[in-house]
Amino acid sequence: MWLFFTRYDLPKRSQKLEEFIAEIEQHRQKIYGILAGYMMPMFPSFIVNYVSVHLKLSVSTAISCIVIGMVPTSFIYAFGGNAIFEGSKTLAIGALAGFVILFSVVFIYRKWRKQRKNNV
């Protein structure tokens, strides 16, 4: 998808996509916004790919963001699913702790962004 968006643009962008692009562009370090987008499973990755192309990130930077952002979440999903099928309590607790940490980071990040936006 990332390579597709380097060649073609979306014909019509929604207001929500424009807001997401604007929010990431407000970061001093735009890479952190892209990383957060890849880490949060609630954001479709094709939108984050589009935003990274829109921000003109280099290929190496984009690949680094994909790997750093998606690998932890993928491990949590993989170990959580494996724990369910094997009935391993320690693996399930570890995956659950990973989900709690991930969603705590998302919650703290959103709270921090809201406070920062209100202070400006």
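The values are calculated or read from the model by the stated rules, or taken from the named source; none is laboratory data. The shown structure was predicted, so the numbers you read here are calculated from the model rather than taken from an experiment. All Cβ positions, glycine included, derive from the backbone under ideal geometry; neighbour counts span all protein chains shown. Side chains are part of the model used for accessible areas, which takes the heavy atoms of the whole protein and leaves out ligands, DNA and RNA. Shrake-Rupley method; radii C 1.70, N 1.55, O 1.52, S 1.80 Å.
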Legend entry - Convex hull volume per residue for the stretch 18-120, taking Cα atoms only, in Å³: 98 Å³
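Could you size up the charge dipole of the stretch 64-120 around its Cα centre, putting +1 on the beta carbon of Lys and Arg and -1 on that of Asp and Glu, and report it in debye to the nearest 20?
Details: 7 positive and 1 negative charges, 116 e Å.
So the magnitude is around 560 debye.
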Inset, instruction - Using R₀ = 35 Å, calculate the FRET efficiency as 1/(1 + (r/R₀)^6) where r is the Cβ-Cβ separation of Glu18 and Ile84; round to 0.05. - result: 0.35
Legend entry - C-alpha long axis of helix 15-25 to longest principal axis of the chain, angle in °: 90 degrees
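Helix-only mean residue ellipticity at 222 nm, the chain, DSSP H runs n ≥ 4 weighted -39,500 (n - 2.57), per residue, nearest 500. What is it? Provide the component values of the computation, followed by the final result.
Numbers: 6 runs with 96 residues, N = 120.
Rounded to the nearest 500, the figure is -26500 deg cm²/dmol.
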Inset, instruction - Might you work out the accessible area of Ser60 for me, using a 1.4 Å probe with all protein chains in place, and round it to the nearest 10 Å²? - result: 80 Å²
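Would you please put 92-101, 62-71, 109-118 in order of how densely packed they are, using the mean number of other Cβ atoms within 10 angstrom per residue and starting with the highest? Walk me through the intermediate numbers first.
Numbers: 92-101: 14.3, 62-71: 16.4, 109-118: 10.9.
Most protected by this proxy first, the peptides run 62-71, 92-101, 109-118.
Ranked by accessible surface with a 1.4 Å probe, highest first, in what order do His27, His54 come? Working shown, then result.
On the way: His27 15, His54 65 Å².
Per-residue accessible area, sorted high to low, gives His54, His27.
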Legend entry - Probe 1.4 Å, accessible area per residue of the chain, Å²: 70 Å²
Inset, instruction - Using R₀ = 22 Å, calculate the FRET efficiency as 1/(1 + (r/R₀)^6) where r is the Cβ-Cβ separation of Thr73 and Gln115; round to 0.05. - result: 0.30
Inset, instruction - Would you work out if the stretch 74-114 is rounded, prolate or oblate? Take a ≥ b ≥ c from the square roots of the eigenvalues of the alpha-carbon gyration tensor; rounded if a/c is under 1.5, else prolate when a/b is larger than b/c, oblate otherwise. - result: prolate
Inset, instruction - Quick one: angle between helix 59-86 and the longest Cα principal axis of the chain, in degrees between 0 and 90, rounded to 10, please. - result: 30 degrees
Legend entry - Acute angle (nearest 10 degrees) that the helix 45-54 long axis makes with the longest principal axis of the chain, alpha-carbon atoms: 30 degrees
Legend entry - Signed unit charges on C-beta, dipole axis of the chain, positive-most listed residue Val71, Val59, Tyr109: Tyr109
